[in-house]
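Single-structure report; data block below.
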Amino acid sequence: MENKQEKQQEQQVIDKAKEETIKYFKETEGLDVTITKHKFGPKDFQTILISGYVTNDESKKFTASVQYANDYHIGSISASNNFDFKH
């Protein structure tokens, strides 16, 4: 069972990963996004998957792989077919 401190650390990772994902889309794509869910990958990968959609177009969905052990680097992004990236 996780203790309170581990839960708090986990929540900090989630919040920071969401923040970095939102910032990434704003800075590189000029888009506002809405985060809908998250899922931790295997612990040894130290990655969290952040899912969401473009704020004004829910049909444009994405999942970003955020490497929280690597300064919250966005590793890869998968997106729905109608979601084209500028970069």
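The values are calculated or read from the model by the stated rules, or taken from the named source; none is laboratory data. The model shown is predicted, which means the values in this text are computed figures rather than measured ones. Note: ideal-geometry Cβ built from the backbone for every residue, glycine included; neighbour counts use all protein chains shown.
One table, with the values for the structure above:
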| read-out | value |
| --- | --- |
| Test result for Val33, more than 22 Å from Gln11 (Cβ to Cβ), crowded, with 17+ Cβ neighbours inside 10 Å and among the β-branched types (Val, Ile, Thr) | no |
| Meets criteria (modelled with pLDDT of 95 or more and either surrounded by 13 or more Cβ atoms within 10 Å (Cβ to Cβ) or acidic (Asp, Glu) (or both)) for Glu20 | yes |
| Selection from region 6-18 of residues that are within 8 Å of the chain's Cα centre (by Cα) and charged (D, E, K, R) | Lys18 |
| Residue check for Thr28: surrounded by fewer than 18 Cβ atoms within 10 Å (Cβ to Cβ), of a type in the set (Ser, Thr, Tyr) and either out of contact with any strand residue (DSSP E or B) (no Cβ under 7 Å at 6 or more places or on another chain) or in contact (Cβ under 8 Å) with a residue 60 or more places away in the chain (or both) | yes |
| Verdict on Ser76 being among the polar types (S, T, N, Q), within 15 Å of Ile35 (Cβ to Cβ) and under 14 Å from the mean Cα position of the chain (by Cα) | no |
